[in-house]
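Beneath this line is the structure, given in structure tokens, with notes to follow.
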């Protein structure tokens, strides 16, 4: 029991750090690309072109993750969760350091390469999901523990909003700069490496070998869709992820371009978003999973999230735009926990790591499509982003209802 608890807490800590490093970009990259004072793009570059570049910059990470996640899921299944975590953590540290250096030299091409490296090694969450699935045998225990994982992810978001906005502002201190948060997250991630090395107890038996195929993600998705029970849940996860990613990935650009608010105000709103997410994972999800099935919870929370996003997109005042967004985060934490649980329950126990790799591949694919397509849409009109999010969430609701 002590060994399970130790591994579980280590998995939560790594998930916290992983989302901390991932979330920093949402407070930093929009102003870095859109504001010529940061030195990446000149004043002459049009706003539409900058939105396209922003979409590419945000999208390169999940694109690399899409190819890397199934591989690391297999590594966790064949060589053990602990070894896979150690490798991905070291690669993540390297990616964060590269990102910081790219910010120093103000090279957009170098920044793209750095984010690709970070994304390629960002298989931590899928391994953490597999670890939680290994040690959580009962369906309701799985749902509760996946809920705690969403709390760890939300905590990483909050820290990113606090430190990302604060440590990147040179007006506060001459020691602060846009690259400093990435050095900090690299150092903290190395602490995570030490935590896994000394406190993580293997939760899965080892197998002799694993192979790598550059098209493995596509083969894995094809294989996943052959599992009848898993297929509809993965479709739902994909379209729901697209809808939710449009919400939070484009919150900062919409705030800057449509509401013309300050970066400090955006940071505070994103901070409240993280708090709402944690409240959903800590209080709302545990309360609901004791009373309803994961499928039932997913259906109703997806529908209510779509309604809240609709209210957000028709809001004229920035406060209400943010308020409905906060409420949607409360429900989204419940949705994600229970969708993960449904994926785990639909997969054979011998391929839990691969199943969690499937789920992260579908999310990574959604995370790749959203910024690239969003950049093209924003080039025409950024006001179309949230209506598209509403449609995608509504579509995922009907998929859940149908299955």
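The values are calculated or read from the model by the stated rules, or taken from the named source; none is laboratory data. Predicted model only: the values in this text are computed from it and were never measured. Using ideal geometry, Cβ is built from the backbone for each residue, glycine included, and neighbour counts are taken over all protein chains shown.
If you scan segment 258-283, which residues turn out to be more than 23 Å from residue 22 (Cβ to Cβ) and either touching a strand residue (DSSP E or B) at 6+ places or on another chain (Cβ under 6 Å) or part of a helix (DSSP H, G or I) (or both)?
The answer is 258, 259, 283.
Scanning segment 112-140 for residues that are assigned to a helix (DSSP H, G or I), in contact with a helix residue (DSSP H, G or I) (Cβ under 6 Å, 6 or more places away or on another chain), modelled with pLDDT of 75 or more and surrounded by fewer than 24 Cβ atoms within 10 Å (Cβ to Cβ) yields 112, 116, 117, 120.
Identify the residue in segment 164-181 that is free of Cβ contacts under 8 Å to residues at least 40 places away in the same chain and outside any loop (DSSP other than H, G, I, E, B) and, among all such residues, is farthest from residue 101 (Cα to Cα).
166
The one condition from (1) at pLDDT 85 or above; (2) crowded, with 17+ Cβ neighbours inside 10 Å; (3) under 27 Å from residue 34 (Cβ atoms) that residue 263 does not meet is (1). Looking at segment 315-325, which of the residues that are touching a helix residue (DSSP H, G or I) at 6+ places or on another chain (Cβ under 9 Å) and in a loop (DSSP other than H, G, I, E, B) is surrounded by the most Cβ atoms within 10 Å (Cβ to Cβ)? Checked segment 315-325; the qualifying residue surrounded by the most Cβ atoms within 10 Å (Cβ to Cβ) is 315. Residue 29 - would you say it is part of a loop (DSSP other than H, G, I, E, B), farther than 13 Å from residue 119 by Cβ and touching a residue at least 24 places away in the same chain (Cβ under 8 Å)? Criteria not met by residue 29. Set side by side, the residues 328, 312, 337, 298 differ, and just one is assigned to a helix (DSSP H, G or I), surrounded by fewer than 24 Cβ atoms within 10 Å (Cβ to Cβ), touching a helix residue (DSSP H, G or I) at 6+ places or on another chain (Cβ under 8 Å) and in contact (Cβ under 8 Å) with a residue 60 or more places away in the chain, which is 312. Of the residues making up segment 282-295, those that are farther than 22 Å from residue 346 by Cα and in contact with a helix residue (DSSP H, G or I) (Cβ under 6 Å, 6 or more places away or on another chain) number 2.
Residues considered: 399, 365. Of these, the only one that is modelled with pLDDT of 90 or more and either under 23 Å from residue 51 (Cβ atoms) or surrounded by fewer than 22 Cβ atoms within 10 Å (Cβ to Cβ) (or both) is 399. Among the residues of segment 79-112, which ones are over 24 Å from residue 168 (Cα atoms) and free of Cβ contacts under 8 Å to residues at least 40 places away in the same chain? Result: 83, 87, 88.
Rundown of residues vs (1) under 16 Å from residue 27 (Cβ atoms); (2) in a helix (DSSP H, G or I); (3) at pLDDT below 80, yes/no style:
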position	(1), (2), (3)
155	yes, yes, no
162	yes, yes, yes
208	no, no, yes
220	no, yes, yes
242	no, yes, no
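Against the definition (in a helix (DSSP H, G or I) and touching a helix residue (DSSP H, G or I) at 6+ places or on another chain (Cβ under 6 Å)), how does residue 94 come out, yes or no? For residue 94, the condition - in a helix (DSSP H, G or I) and touching a helix residue (DSSP H, G or I) at 6+ places or on another chain (Cβ under 6 Å) - is not met.
Determine, yes or no, whether residue 292 is within 24 Å of residue 135 (Cα to Cα), free of Cβ contacts under 8 Å to residues at least 24 places away in the same chain and assigned to a helix (DSSP H, G or I). Considered against the rule, which asks whether it is within 24 Å of residue 135 (Cα to Cα), free of Cβ contacts under 8 Å to residues at least 24 places away in the same chain and assigned to a helix (DSSP H, G or I), residue 292 comes out as no. Report whether or not residue 376 is under 16 Å from residue 56 (Cβ atoms), out of contact with any strand residue (DSSP E or B) (no Cβ under 6 Å at 6 or more places or on another chain) and surrounded by fewer than 18 Cβ atoms within 10 Å (Cβ to Cβ). Judged against the criteria, residue 376 is a match.
Of the residues screened, residue 246 is one that is surrounded by 21 or more Cβ atoms within 10 Å (Cβ to Cβ), modelled with pLDDT of 85 or more and out of contact with any strand residue (DSSP E or B) (no Cβ under 8 Å at 6 or more places or on another chain).
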